[in-house]
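So the structure is just underneath, and the comments pick up after that.
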Amino acid sequence: MKLDTRALRYLTTEDWRVLAAVEQGSKNHEVVPTPLIAQLSGMRGGNNVHKNISTLAKDGLIAKVKNARYDGYRLTYGGLDYLALNTHRKGDTIFSLGNQIGVGKESDIYVCASPSSRQLVLKLHRLGRISFRTVKANRDYLRNRNAGSWMYLSRLAAQKEHAFMKVLHREGFPVPEPVAWSRHTVVMEFIDAFPLRMIDSVPDPGKLYAELMDMIVQLAQRGLIHGDFNEFNILIKEKGGSGGQREEETEEGSAFAKDATLTPILIDFPQTLSTNHTNAEFYFDRDVNCVKRYFERRLRYTSDEPGPFLKDAIKGIDNERRLDVEVEATGFSRKMAKELDRFVEPVSNEVEGAEAVPADEDDLEDEDEDEQEEAEIDIEDVEGFEPERESREAGALEQPDDATVSLEDLALDDDLAVKDPRLFADGLSALQMSQDATVVAQKVKTKKKAAGWAI
């Protein structure tokens, strides 16, 4: 779906509270009852709640389900987008939003800018597109967790990608710098580069091939396997080179100057897994074969050396420097990884025409135990919520058991009013919010616990 922010500036504080209430109610309701929405929002007077619900429904942020057994609404991806954007806006992460620069089978990519005019990239995970919904219908990933599971999986994918990008960037791997994460969105550094699939020729294909293989081996030596290492998830950044020596560009792709230095940048990490995974060798060999196949078909380069192989890459691995263990300790738990892998593995195999990889028997045994665990998320106040930023401690990614949120510090002034939108160019439009001086802050408390998934 297309991200439309035109209604963002017209939403009032009450609208945001009702939208947040629908999100919280979606934790254990596919269709959130209208009385529950009014209760969770903490607003007095049913007429006001119905007015806000009508406004949100007209903007496509929530939707009414036909032939439902009771009066209620469900959260749409548009509503989840608005909640995430509002979080980034209040955290001074995003000030303006630009055009869409990429579309994938599981995400949408937009260019945006920070209040300091720094260009960033906003990635919205959208697992469960129309062409991939049969995957979940034909295969049982979440068993009884069908209600709203696509948004839950999108949140897990964004959280996993941010966690891996954070540790890889810190360790010096060529990946974009992660800036912030909220719900199903990840904000990262903007890199001016070409995808490898758009490149028709390079000055030295052997050197680029060796760098890519070395990157696969270095990841394995730190306990990680990318899982989707192909021409779609590799960017080639050009440094140096004289414009007069640039090779001719073909209709199929781009070419670089003969004296240019090419640096590969790795992106897309939701499917990254550990070298201790049951099918680690399968995914490692698939990453290697994807690079070999592309260089043979597109760049007409074939390497004489076999491999690399996983058993050789992990020889003498230092367990103290394993990044997979560190990521699990920072908040992306093994339970979350299992739930996400049930979706990522079969989808990746169906897209490439490969056979499905058998699931781990321990995953199936632990699934019944996971369904009995109680999950609780915190209510994010409308104007006082601080997003999960990169500077936070690792443990902040975990959800608290009990949530008690206060709206007493509700800000009535719009901080964006003091910023000058003329600082931004390239068609970026400021994310403006309404300034309603009649808003009365109210305190909302909840200690509800329920087994099931959480957004």
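The values are calculated or read from the model by the stated rules, or taken from the named source; none is laboratory data. The structure presented is a predicted model; accordingly, all values stated were derived computationally and were not measured. Neighbour counts are summed over all protein chains in view; Cβ atoms, including those assigned to glycine, are modelled from backbone coordinates with ideal geometry.
Key figures
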{"read-out": "Exclusive hit being modelled with pLDDT of 90 or more and touching a Gly at 6+ places or on another chain (Cβ under 7 Å), set ALA193, ALA257, ALA180", "value": "ALA180"}
{"read-out": "Leading residue by the ranking (modelled with the highest pLDDT) among those in region 128-177 that are part of a loop (DSSP other than H, G, I, E, B) and among the basic types (Lys, Arg)", "value": "ARG129"}
{"read-out": "When residues of region 8-31 are limited to those that are among the hydroxyl-bearing types (Ser, Thr, Tyr) and buried (at least 19 other Cβ atoms within 10 Å of the Cβ), the one nearest to GLY42 (Cα to Cα)", "value": "THR13"}
{"read-out": "Among residues of region 98-118, those that are touching a Leu at 6+ places or on another chain (Cβ under 9 Å), in a strand (DSSP E or B) and farther than 19 Å from HIS162 by Cβ, counted", "value": "4"}
{"read-out": "Residue identified as buried (at least 23 other Cβ atoms within 10 Å of the Cβ), at negative phi, of a type in the set (Ser, Thr, Tyr) and assigned to a helix (DSSP H, G or I) among TYR73, TYR82", "value": "TYR82"}
{"read-out": "Which numbered condition PRO306 misses (of (1) closer than 30 Å to PRO203 by Cβ; (2) modelled with pLDDT under 65)", "value": "(2)"}
{"read-out": "Qualifying position, being under 21 Å from the mean Cα position of the chain (by Cα), free of Cβ contacts under 8 Å to residues at least 60 places away in the same chain and over 20 Å from ALA113 (Cα atoms), among PRO174, PRO195, PRO203", "value": "PRO195"}
{"read-out": "Count - residues of region 276-287 that are in a helix (DSSP H, G or I), closer than 17 Å to ARG222 by Cβ and of a type outside the set (Asp, Glu)", "value": "3"}
